[in-house]
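See below for the structure under consideration.
The values are calculated or read from the model by the stated rules, or taken from the named source; none is laboratory data. Quantities reported herein were computed from a predicted structural model and do not represent experimental measurements. Using ideal geometry, Cβ is built from the backbone for each residue, glycine included, and neighbour counts are taken over all protein chains shown.
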Amino acid sequence: MDIEKLLLKVLNDEASSKEYAALESWKKESEENIKLLQELQTKHTDIQDGYKDYDKNAAWHKVESRILQSEQAPQHKPAYLKWASLAAILLVGLYGLFHFSNQEPAVPKEYKSAEQTMQFALEDKTDIWLRDGGSQLNVVSDFEEERRVALIGEAFFDVAHDTDRPFIIELDNQDYVRVVGTSFNLVNEGGEFDLTLYSGVVELHMNNRTITLHKGDRAKKINGSLVKYRNNDSNITSWKSNELVFDNINISEAFEVMEAHFNITIDYNSRTNNLEGCAIRSKFTNENLEGVLSELSDILGFNYKTVDGKVLIKDLACN
Amino acid sequence: MLFVDKAAFKTVFNAHYVPLCNYANSILRSDNLSEDLVQDVFFHLWKNNSTLEPVDNLSAFLFTAVKNKAFEHIRADKAYKKALSGYSTEGIEDKTEISMSSLTHKYMSMERLSSLMRHLPPKCKNVFALHKLNGLTYAEIAASEGISIKTVENHMIKALKILRTEYAKS
């Protein structure tokens, strides 16, 4: 008998003594079985009336950026500066005529992307693309001696060349990236980062060590350790260019690229299907998920449907 | 030190944020206020991490922290006091002194089941909730949803199957 049918009968008080015996032996199989049964037997009437699902990812971003800001805020600001800035705000607010830019301490600027990729230039003409979905860049210095910013999330940097004022991106703890002029993609999330260099040279400062990266290098911090290798993924900046390039890669890799690009989950039966030799060569520009899926399904002859934000791939076979 | 490092802090945050917000909301009756308050509690815990002692029951500790903060807010809220005009706010806290650990347990287990249920397809989840949580019989569900009793049973079996695999994973 199916365990599910058995569980159903037990939960509905319809089980026979024989079935209860079967349940007992199932319970003996693992600790988890016992816990699950207890879980299912508890009445959770509250869930229906009012247990809500708050967005913990958005909340985490808020808390983390608050932490980041408080860590970067000057510890002991002279009191007169506070009064000067307060006075400045009051006066500007009242009259809107005076320019206090000389006396005012630099106010940190924050950029945060919403549903769209956000592009802007900093005052030094550094171009920045912030990935959609709540990536955040904070400008934390006045750019007088050095250009210092902090990133949470993912961004592409095209840093304006200026040997006198190094460009510094704070990552986590004491780690940072130091740049003179170059372009690169950087992801900094949850204490891990992923840096891919497209031109020039950058220095990565991590745990008081300095690692120099050259054009085409990629460095990742995963679980506290650093890996450096030559980048061969042509789709890292697909979020920015809106271009997906499948250059003779296996369909399973293509699905991975699509998952990262469209921020979705793709389910396909990788175990039951032999996907070897299932290579794909194609290029998509400004195409949405549906467009890419429909073309891939034409090429490879599979069926697909979207359920609950997940894409289910069926009948995937490579001939 | 309460949290070993930021990764540990984040793990605790992720596991408790939703149940804590639900709890705060049961006191404050405002989603925005509740979320702000819970975020505030976490922010201050991290800021003071180095001076905090490890605790035995972290969940109960967090629920207590949120409870105290929520009542602090209510006490500070003059409008609330005015609405109560003449009544003392003293007794409010006592009502919730049921037992912090049973309350913590209640919210954490609600979170567990509700997060398991997030894996269910919509129709399946609906049937499961109607039967398991609202106590409707198969016949009642079949009638209200316009499906056959057999289909209700199939949805239930499917729900249990998914819950079982997700539970094993979690």
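General observations
- Selection within the stretch B:119-130 - farther than 16 Å from A:Lys5 by Cα, more than 8 Å from chain A (Cβ to nearest Cβ) and under 21 Å from the mean Cα position of the chain (by Cα): B:His119, B:Leu120, B:Lys125, B:Asn126, B:Leu130
- In the stretch A:47-61, the residues that are facing chain B (nearest Cβ under 7 Å) and either over 18 Å from the mean Cα position of the chain (by Cα) or modelled with pLDDT of 90 or more (or both): A:Ile47, A:Gln48, A:Tyr51, A:Lys52, A:Asp53, A:Tyr54, A:Ala59, A:Trp60
- Condition check for B:Ala168: within 11 Å of another protein chain (Cβ to nearest Cβ), under 24 Å from the mean Cα position of the chain (by Cα), assigned to a helix (DSSP H, G or I) and under 27 Å from A:Glu29 (Cα atoms): yes
- Candidate set: the stretch B:147-165, residues that are within 8 Å of chain A (Cβ to nearest Cβ) and surrounded by 21 or more Cβ atoms within 10 Å (Cβ to Cβ); chosen: the one farthest from A:Leu11 (Cα to Cα): B:Leu163
- Residues in the stretch B:131-146 that are more than 9 Å from chain A (Cβ to nearest Cβ) and part of a helix (DSSP H, G or I): B:Ala139, B:Glu140, B:Ile141, B:Ala142, B:Ala143, B:Ser144, B:Glu145.
- Options B:Asp5, B:Asp56, B:Asp31, B:Asp36: the member that is surrounded by fewer than 18 Cβ atoms within 10 Å (Cβ to Cβ) and at pLDDT 90 or above: B:Asp36
- From the list A:Leu8, A:Leu68, the one residue that fits, being at the interface with chain B (Cβ under 7 Å from one of its Cβ atoms), in a helix (DSSP H, G or I), surrounded by 11 or more Cβ atoms within 10 Å (Cβ to Cβ) and modelled with pLDDT of 75 or more, is A:Leu8.
- Elements of type strands (runs of 3 or more DSSP E) contained in the stretch A:201-257, each with 3 or more residues being exposed (fewer than 14 other Cβ atoms within 10 Å of the Cβ): A:209-214, A:225-230
- Enumeration of residues in the stretch B:98-118 that are facing chain A (nearest Cβ under 9 Å) and more than 15 Å from B:Asn57 (Cα to Cα): B:Ser109, B:Met110, B:Glu111, B:Arg112, B:Leu113, B:Ser114, B:Ser115, B:Leu116, B:Met117, B:Arg118
- Residues that are outside any helix (DSSP H, G or I) and without any contact (Cβ under 8 Å) to a residue 24 or more places away in the chain, drawn from the stretch B:1-47: B:Val4, B:Asp5, B:Arg29, B:Ser30
For every residue, the table says whether it meets (1) modelled with pLDDT of 70 or more; (2) assigned to a helix (DSSP H, G or I).
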| residue | (1), (2) |
| --- | --- |
| B:Phe71 | yes, yes |
| B:Tyr80 | no, yes |
| B:Ser88 | no, no |
| B:Gly91 | no, yes |
| B:Asp94 | no, yes |
| B:Ile98 | no, no |
| B:Leu113 | yes, yes |
| B:Val127 | yes, yes |
